[in-house]
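A.B. asks: Let me begin by handing over the structure; questions about it come next.
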Amino acid sequence: MQIGGKAHNPRSGEWLGSLNPATEEVWAMIPRASVEDAEVAAAAAHEALRGAWAKLTPTQRGALMFRLADLLERDAELLAQLDARDNGKPISELRKQYAYLPQHWRYFGGLVDKLEAQVIPVDRNGVFNFTRHEPVGVVLAITPWNSPLVIASWKVAPALAAGCTTIVKPSEHASISTLHFAKLVAEAGFPAGVVNVVTGYGHEVGEALVAHAKVAKVTFTGGEAGGRAVSTLAAKHLKPTVMELGGKSPVIVFDDADLDRAVPTVAVGIFSSSGQSCVAGSRLLLQAGIYDEFLRRLIDRARAIVVGDPLSAETAMGPITTRAQFEMIQSHLFDAHEQGAICAFKGERSSNFPSGGLFLPPHIFTGVTPQMRVWREEVFGPVLAVMRFETEAEAVAIANDSPFGLAAGLWTRDLDRALRLHKELQAGTVWINSYRGVSSMTPLGGFKRSGFGRENGQEAVREFLQTKSVWMEYQ
Ligand code: NDP
């Protein structure tokens with residue numbers, strides 16, 4: 001691990017095996033941090049907060065983030081190779097993610113010296129009032145296994161831009177790229193303790209950090225159960241949180257949609273990362289006029305997906321990252337059949353990786369009703385549920401009838417309809433004639449049970465700032 005700018009072995013001496021999900025074999029060992037390591041990390045981050053990090057000017061802090069961006073660019077291929085083994089995401093997808101990641105760090109590095117505050121003309125004579133934006137303190141970033149370093153960067157870059165120091169606790173299933181990132185932070189020349197990486201179990205070191213008095217705010221991405229545990233513990237200590245908890249995002253395709261663009265985008269929206277994506281477009285609503293044609297073309301598209309070796313450039317879908325998730329998806333498939341959904345398509349695993357591993361091909365279910373589990377719950381796997389609708393009002397009602405509200409897709413050539421409907425959809429992101437576009441520059445986050453707080457864009461930096469109001473009286 002990296003704590004206080006130094007390599008740090010777990011005080012307990014215990015290590016955990018990290019499995020390659022394509023083979024289910026241990027391919028790396030990670031430290032199993034304990035409460036004692038949490039204590040050291042919190043102390044290091046707290047010392048840097050008021051010390052070396054605070055002493056740098058905003059321009060100097062931004063320059064370090066630019067240097068880190070250059071190192072991420074240098075090591076992009078290595079990071080892609082690490083994640084492909086650690087979480088099974090296809091190398092083609094990882095190369096795109098890591099090609100963009102340096103830009104993310106440059107965006108937030110560029111914001112560091114632009115956090116202007118206000119002079120407020122309060123309604124009294126002889127008073128000069130102004131505000132300051134100050135860092136909230138030590139930020140704990142708890143990250144999941146699906147896009148470990150991208151999601152860690154969504155949290156750490158804006159926190160550093162705000163002047164905070166950080167501790168990252170990656171998922172025990174995919175910690176390796178974040179551990180390499182910690183080395184790059186040291187190489188870039190950040191002061192000791194500004195970014196600390198602690199690995200191990202959420203219920204052990206994770207909880208110790210959430211509860212730690214020196215941790216001021218927690219930003220979490222993961223499932224509802226983990227999110228509830230973390231936010232409940234944080235609330236007990238009156239600690240604010242940012243929660244990104246996934247979704248069950250609807251994609252609505254109207255009769256007038258450009259199917260040549262919609263079909264491949266819908267397929268990528270659900271099947272990339274084997275559906276293990278918070279914004280996966282897992283509920284497809286097709287208007288009656290294009291229902292049959294769309295479904296036929298979508299199945300053709302899904303049939304062409306290569307499911308196999310994540311390290312092969314032609315693979316579009318790798319394995320499921322964890323056995324628990326694999327079994328969870330199987331239970332969803334079982335229930336979908338039990339509850340009467342029709343499996344309109346089930347893909348096959350490619351011959352480029354013939355046996356072993358946690359592979360699950362794409363599934364498309366029709367005959368789905370709003371009560372079915374496959375329609376209501378997040379599967380977090382390559383499983384698409386399809387429903388037919390007739391009218392615009394019906395589509396909106398079905399789309400919004402969900403406890404989640406992370407994202408929604410809308411396909412239409414009718415500009416009036418697009419302008420009407422984007423306001424109606426209860427989701428933190430609405431994609432019109434597109435899907436899954438994500439940028440460092442625009443906020444991402446959930447409505448309803450998909451979470452609260454925002455990542456990316458200038459709003460992400462505000463999550464890690466607190467405002468001080470300063471009054472001066474003069475005569
Ligand atoms: P979790 O939500 O359990 O894990 C996310 C992160 O939180 C991990 O680093 C985990 O640590 C940590 N964590 C879990 N519980 C606690 C706790 N009590 N205190 C502190 N940290 C904690 O995800 P799972 O891997 O269990 O996946 C479960 C479900 O979450 C999936 O089925 C999927 O639906 C959803 N999910 C959503 C994601 C998203 O992008 N929104 C990403 C991943 C999963 P560790 O695992 O190392 O113990």
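A.B. asks: In the set Arg376, Arg297, which member is at pLDDT 95 or above, open to solvent by 10 Å² or more (accessible area, probe 1.4 Å), farther than 29 Å from Thr23 by Cβ and within 16 Å of the ligand (Cβ to nearest atom)? Break it down into steps so the answer makes sense when it comes.
C.D. replies: Working: Arg297 fails: within 16 Å of the ligand (Cβ to nearest atom).
Arg376 is the lone residue from the list that is at pLDDT 95 or above, open to solvent by 10 Å² or more (accessible area, probe 1.4 Å), farther than 29 Å from Thr23 by Cβ and within 16 Å of the ligand (Cβ to nearest atom).
A.B. asks: In the stretch 140-186, what residues are among the β-branched types (Val, Ile, Thr) and either under 27 Å from Ala22 (Cβ atoms) or in contact with a Gly (Cβ under 9 Å, 6 or more places away or on another chain) (or both)?
C.D. replies: We begin by selecting, within the stretch 140-186, every residue among the β-branched types (Val, Ile, Thr); these are 142-143, 150-151, 156, 165-168, 176, 178, 185.
Hits for the stretch 140-186 are Ile142, Thr143, Val150, Ile151, Thr165, Val168, Ile176, Thr178, Val185.
A.B. asks: A further question on this structure: Just for strands (runs of 3 or more DSSP E) wholly inside the stretch 166-248: which have at least 1 residues that are farther than 23 Å from Ser277 by Cβ and not acidic (Asp, Glu)?
C.D. replies: Details: elements: 195-197, 215-221, 241-244.
Result: 195-197, 215-221.
A.B. asks: Identify all residues within the stretch 410-437 that are surrounded by fewer than 17 Cβ atoms within 10 Å (Cβ to Cβ), in contact (Cβ under 8 Å) with a residue 24 or more places away in the chain and either within 23 Å of Ala99 (Cα to Cα) or of a type in the set (Phe, Trp, Tyr) (or both); write none if there are none.
C.D. replies: Within the stretch 410-437, Ser434 is the sole residue that qualifies.
A.B. asks: Would you mention how many residues in the stretch 334-373 are open to solvent by 20 Å² or more (accessible area, probe 1.4 Å), assigned to a helix (DSSP H, G or I) and out of contact with any His (no Cβ under 7 Å at 6 or more places or on another chain)?
C.D. replies: Summing the residues that are open to solvent by 20 Å² or more (accessible area, probe 1.4 Å), assigned to a helix (DSSP H, G or I) and out of contact with any His (no Cβ under 7 Å at 6 or more places or on another chain) in the stretch 334-373 gives 4.
A.B. asks: Among the residues that make up the stretch 458-472, is at least one of them assigned to a strand (DSSP E or B), touching a strand residue (DSSP E or B) at 6+ places or on another chain (Cβ under 7 Å) and of a type in the set (Phe, Trp, Tyr)? Lay out the reasoning, then the answer.
C.D. replies: Let us first name the residues in the stretch 458-472 that are assigned to a strand (DSSP E or B), namely 465-472.
Those still in the list that are touching a strand residue (DSSP E or B) at 6+ places or on another chain (Cβ under 7 Å) too: 465-472.
Those still in the list that are of a type in the set (Phe, Trp, Tyr) too: 471.
Yes, the stretch 458-472 contains a residue that is assigned to a strand (DSSP E or B), touching a strand residue (DSSP E or B) at 6+ places or on another chain (Cβ under 7 Å) and of a type in the set (Phe, Trp, Tyr).
A.B. asks: What's the total number of residues in the stretch 259-276 that are within 19 Å of the chain's Cα centre (by Cα) and assigned to a helix (DSSP H, G or I)? Even if it seems obvious, please write down each step before you answer.
C.D. replies: Here is the first cut: in the stretch 259-276, the residues within 19 Å of the chain's Cα centre (by Cα) are 268-276.
Those left that are additionally assigned to a helix (DSSP H, G or I): 268-275.
So the answer is 8.
A.B. asks: Continuing with the same structure: Can you name the residue in the stretch 233-250 that is within 9 Å of the ligand (Cβ to nearest atom) and not acidic (Asp, Glu) and, of all such residues, is farthest from Val383 (Cα to Cα)?
C.D. replies: From the stretch 233-250, those within 9 Å of the ligand (Cβ to nearest atom) are 233, 244-247; that's our starting set.
Subsequent filtering for residues that are not acidic (Asp, Glu) retains 233, 245-247.
On the way: Leu233: 33, Leu245: 18, Gly246: 15, Gly247: 14 Å.
Ranking the candidates gives Leu233 first.
A.B. asks: Just one of Ala80, Ala28 is touching a residue at least 12 places away in the same chain (Cβ under 8 Å) and surrounded by fewer than 21 Cβ atoms within 10 Å (Cβ to Cβ); which is it?
C.D. replies: So the residue among Ala80, Ala28 that is touching a residue at least 12 places away in the same chain (Cβ under 8 Å) and surrounded by fewer than 21 Cβ atoms within 10 Å (Cβ to Cβ) is Ala28.
A.B. asks: Please tell me if Val185 is more than 13 Å from the ligand (Cβ to nearest atom) and within 18 Å of Leu64 (Cβ to Cβ).
C.D. replies: Values: more than 13 Å from the ligand (Cβ to nearest atom): yes; within 18 Å of Leu64 (Cβ to Cβ): yes.
Taking the combined requirement at face value, the residue satisfies it.
A.B. asks: Condition first: open to solvent by 20 Å² or more (accessible area, probe 1.4 Å) and either modelled with pLDDT under 95 or within 16 Å of the ligand (Cβ to nearest atom) (or both). Can you find one or more residues in the stretch 154-167 that meet it?
C.D. replies: So the first thing to find is which residues in the stretch 154-167 are open to solvent by 20 Å² or more (accessible area, probe 1.4 Å), and the list is 154.
Of the ones still in play, those that are also either modelled with pLDDT under 95 or within 16 Å of the ligand (Cβ to nearest atom) (or both) are 154.
Yes: the stretch 154-167 contains one or more residues that are open to solvent by 20 Å² or more (accessible area, probe 1.4 Å) and either modelled with pLDDT under 95 or within 16 Å of the ligand (Cβ to nearest atom) (or both).
A.B. asks: Name, by its number, the condition in (1) open to solvent by 10 Å² or more (accessible area, probe 1.4 Å); (2) touching a residue at least 40 places away in the same chain (Cβ under 8 Å); (3) not in a loop (DSSP other than H, G, I, E, B) that does not hold for Leu384.
C.D. replies: Evaluating Leu384 over (1) open to solvent by 10 Å² or more (accessible area, probe 1.4 Å); (2) touching a residue at least 40 places away in the same chain (Cβ under 8 Å); (3) not in a loop (DSSP other than H, G, I, E, B) leaves (1) as the failure.
A.B. asks: Return the residue satisfying two criteria in turn: it lies in the stretch 202-212 and is within 11 Å of the ligand (Cβ to nearest atom) and open to solvent by 10 Å² or more (accessible area, probe 1.4 Å), and of such residues it is nearest to the chain's Cα centre (by Cα).
C.D. replies: Per the stated criteria, the residue is Gly202.
A.B. asks: Then there's this: Within the set of pairs 6 or more residues apart or between chains, which connect a residue that is without any contact (Cβ under 8 Å) to a residue 40 or more places away in the chain and within 23 Å of Arg85 (Cβ to Cβ) inside the stretch 178-207 to a residue that is within 10 Å of the ligand (Cβ to nearest atom) and in a strand (DSSP E or B) with Cβ atoms less than 8 Å apart?
C.D. replies: Within 8 Å, the pairs are Thr178/Val168.
A.B. asks: For the stretch 249-258, how many residues meet the condition of being open to solvent by 20 Å² or more (accessible area, probe 1.4 Å) and not in a loop (DSSP other than H, G, I, E, B)?
C.D. replies: First, pick out the residues of the stretch 249-258 that are open to solvent by 20 Å² or more (accessible area, probe 1.4 Å): 255-256, 258.
Going one step further and asking which of them are not in a loop (DSSP other than H, G, I, E, B), we end up with none.
Counting residues in the stretch 249-258 that are open to solvent by 20 Å² or more (accessible area, probe 1.4 Å) and not in a loop (DSSP other than H, G, I, E, B) gives 0.
A.B. asks: Still on this structure, please answer the following. Return the only residue of Val150, Val138, Val215 being more than 10 Å from the ligand (Cβ to nearest atom) and touching a Cys at 6+ places or on another chain (Cβ under 9 Å).
C.D. replies: On the way: Val150 fails: touching a Cys at 6+ places or on another chain (Cβ under 9 Å); Val215 fails: touching a Cys at 6+ places or on another chain (Cβ under 9 Å).
None of the other options fit; the residue is Val138.
A.B. asks: Identify all residues within the stretch 313-332 that are more than 16 Å from the ligand (Cβ to nearest atom) and open to solvent by 30 Å² or more (accessible area, probe 1.4 Å); write none if there are none. Can you show your working first?
C.D. replies: Pass one, the stretch 313-332, residues more than 16 Å from the ligand (Cβ to nearest atom): 313-317.
Passing the criteria: Ala313, Glu314, Ala316.
A.B. asks: A further question follows. Any residue at all in the stretch 297-314 that's under 21 Å from Leu444 (Cα atoms), outside any helix (DSSP H, G or I) and either basic (Lys, Arg) or touching a helix residue (DSSP H, G or I) at 6+ places or on another chain (Cβ under 6 Å) (or both)?
C.D. replies: As a first pass, look at the stretch 297-314 and keep what is under 21 Å from Leu444 (Cα atoms): none.
Looking through the stretch 297-314, none of the residues is under 21 Å from Leu444 (Cα atoms), outside any helix (DSSP H, G or I) and either basic (Lys, Arg) or touching a helix residue (DSSP H, G or I) at 6+ places or on another chain (Cβ under 6 Å) (or both).
The values are calculated or read from the model by the stated rules, or taken from the named source; none is laboratory data. Here the structure is a predicted model, which is why all the values come from computation and not from measurement. Heads up, the Cβs are rebuilt from the backbone with ideal geometry, glycines too, and the neighbour counts pull from every protein chain shown. Accessible surface areas use protein heavy atoms only, side chains included; no ligands, DNA or RNA. Shrake-Rupley method; radii C 1.70, N 1.55, O 1.52, S 1.80 Å.
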